[in-house]
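J.: Please see the structure below; I have some questions.
The values are calculated or read from the model by the stated rules, or taken from the named source; none is laboratory data. Just so you know, these numbers come straight off a predicted model, no measurement behind them. Note: ideal-geometry Cβ built from the backbone for every residue, glycine included; neighbour counts use all protein chains shown. Just so you know, the surface numbers come from the protein's heavy atoms only, side chains and all, with ligands and any DNA or RNA stripped out. Shrake-Rupley method; radii C 1.70, N 1.55, O 1.52, S 1.80 Å.
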Amino acid sequence: ALGLGVGGVAGAINVWRGAGEIYFDSLTALVFLLLLGRWLQQAQQRRATEQLRLLFSVVASWARRVTPAGAVELVPLEALRPGDVVEVEAGERVPVDGSVLEGHSALDLSVLTGEARPLEVGPGAQAWAGAVNLGARLRVRARTTGADTRMGRLMAEIERGSRERSPVVLWADRIAGRFVVTVSLLALATFAFWSLRGSTDAVSHAVAVLIVACPCALALATPLGVVVAIGRAAREGILIRGGAALEALAARGGTLVLDKTGTCTEGRMRVVAWEGDEQAAALVAALERDDDHPVGRALASFADAAGLEVEGLRRLGTGGRVARVDGREVAAGALDAIEAHLGRALPEASVTVARLAERGLSPVVVAVQGKVVAVVGVGDRLRPEARATVARLQRLGWEVELLSGDHPRVVAEVGRELGLAPERVRGGVGPEQKRAHVRALRRTTRRPVVMVGDGVNDAAALAAATVGVAVHGGAEASLAAAHVYLGRPGLGPLLGLIGRARGALASIRLAVFLSLGYNVMAMGLAMAGWIGPLAAALLMPASSLTVTAVVLAQRADGERPR
């Protein structure tokens, strides 16, 4: 502003006088470069998505309401009121918070809790908006609807947290105030010095100082460095919201909070252990062939069941199936369901079931022709690169924690496999508790707190963190709340993200350092009267070109630019 003001006034006076230099070309170049820098910076910023859009990303905008006459009508979500009865078909999301009136099924609550294993429900059980009905038709009486549901309150917290976030001030911005004060004082000193010596060029020398010290390079260094880093990261499948996230990730360590399901693990159920007759695997796969339950899908994909016919399929009361497969009766399900079906206790199977449960697996008992032939452990397996990535992050100075809504026993086992200390592993943590834990960490530490998660259950914690990182597979609301989105699965891209951030910050710092060095040298020449306003205008782009070259040479490994 000082350069524009003084140069504009001096140029106008010289036009009126008909003598002296006219600085309008330099001023327009300055305006262009400053506006370009601002445009590049603002182009990377995105505002938080509105609460209702976040809500509709995980809950359908319509529902099946049951009328007093027993008919079913489609109504908008906004038309539902507490006390209404809604019908939820298999594969649909529950539109309200309430209690089950009719039906037995399983609900996938991972959108809220991160729990990979589905929850069996029946009359009287609680149902939550956003949960997916995996089995049979359910009728649910609404307790709360819309923004008053647990999911609605969670989305409101995400929107509020996004609005409260303030941008991180980069290093170049922190020195800008001192730079302006210093240049102003030097320009005044130059004017006073040459005036006292009786020089008629005092104004010209002062203007030369302001022009040659024009902070174009300082204005370009940060946004250009951020844009280059964001563009190169995008080509690698990493979407970064802005420079604040880059600066925080470039820090030499902090606290890194990891979700389990879909982040450290693969996010889908698989057969992890099969204890017993493996020849029964094909029979079980045929039995579970058309099951929508995650455990059933895991069993169905474990073996080839082509050509096996299934007859008389029916469900077992508390979780399981029984049918005649290839002429033999095959039953598979939870221990109590198989015991009830066979009419006797199964002590040997119960020992195996307990051992698999200690490993954090979902046990399934398999009986053929009334005899238990196998006990299967179904679980969500740890990603192959997860342990090595966590170890690398710890060597980079990050304190890694594991926080999950899954069963504490399951989370503890995953934490042990990752090599984390028990005090840094917590299970059974809901979305609200995750958010509170992240906020508590931010209050007690001055270093960055990074939350890495997959799923809407993590969205509030992502919004509350210094940097929220949504991994591949995360729902839309997670991406809306997060600062960074990793387009590839697993934790591996996180290392590349941190390297990219460190490389960008190193480039910005080097560019600013070179720009300041240029300004010190050029201002010294201008104060001495060796550089006039015209020469200053010609030299002015030099620092910007230097900055551009340095930023384009930035590296992704955190080392100094080439």
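J.: Could you quote the convex hull projected area for region 231-316, Cα atoms only and averaged over all directions, in nm²?
T.: 10.5
J.: If eta is 1.306 mPa s and T is 10 °C, what Stokes-Einstein diffusion coefficient results for region 361-518, Kirkwood Rh from Cα pairs, in µm²/s? Each step should come with its number before you reach the end.
T.: Details: Rh = 17.8 Å.
Translational D for this selection: 89 µm²/s.
J.: Report the calculated FRET efficiency for E73 and A147 (r = Cβ-Cβ distance, R0 = 25 Å), to the nearest 0.05.
T.: After rounding, the FRET efficiency stands at 0.65.
J.: Over region 317-391, what lengths in whole Å, largest first, do the semi-axes of the equivalent ellipsoid take, defined as the square roots of 5 times the eigenvalues of the alpha-carbon gyration tensor?
T.: The three semi-axes for region 317-391 are 30, 14, 9 Å.
J.: For the pair A357 and A136, what calculated FRET efficiency results from E = 1/(1 + (r/R0)^6), where r is the Cβ-Cβ distance and R0 = 25 Å, to the nearest 0.05?
T.: My answer for the efficiency is 0.45.
J.: OK, next. On a full-extension model of 0.36 nm per residue, what is the gain between A388 and L342, subtracting their alpha-carbon distance, rounded to one decimal in nm? Walk me through the numbers before you get to the answer.
T.: On the way: separation 46, 0.36 × 46 = 16.56 nm, distance 4.58 nm.
Net length gain for the segment: 12.0 nm.
J.: When all protein chains stay in place, what accessible area (Å², nearest 10, 1.4 Å probe) is found for R447?
T.: That residue has around 90 Å² of solvent-accessible surface.
J.: Give the ranking of F179, F191 by solvent-accessible surface, highest area first, calculated with a 1.4 Å probe. Don't skip to the answer; put the middle values down first.
T.: Numbers: F179 25, F191 85 Å².
Greatest to least solvent exposure: F191, F179.
J.: Here's something else I'd like to know. What is the distance, in nm, between label points placed 7 Å from the Cα along the Cα-to-Cβ direction at K371 and at W39?
T.: 8.0
J.: Give me the net charge of A374's neighbourhood, meaning all other residues with Cβ under 10 Å from the Cβ of A374; Lys, Arg count +1, Asp, Glu -1. Before the final figure, lay out the partial values.
T.: Numbers: positive: none; negative: E275, D277, E278.
Charge balance near A374 sits at -3.
J.: When Lys and Arg each count +1 and Asp and Glu each count -1, what net charge do the other residues less than 14 Å away from V96, Cβ to Cβ, add up to?
T.: That sum, taken over residues with Cβ under 14 Å, equals +3.
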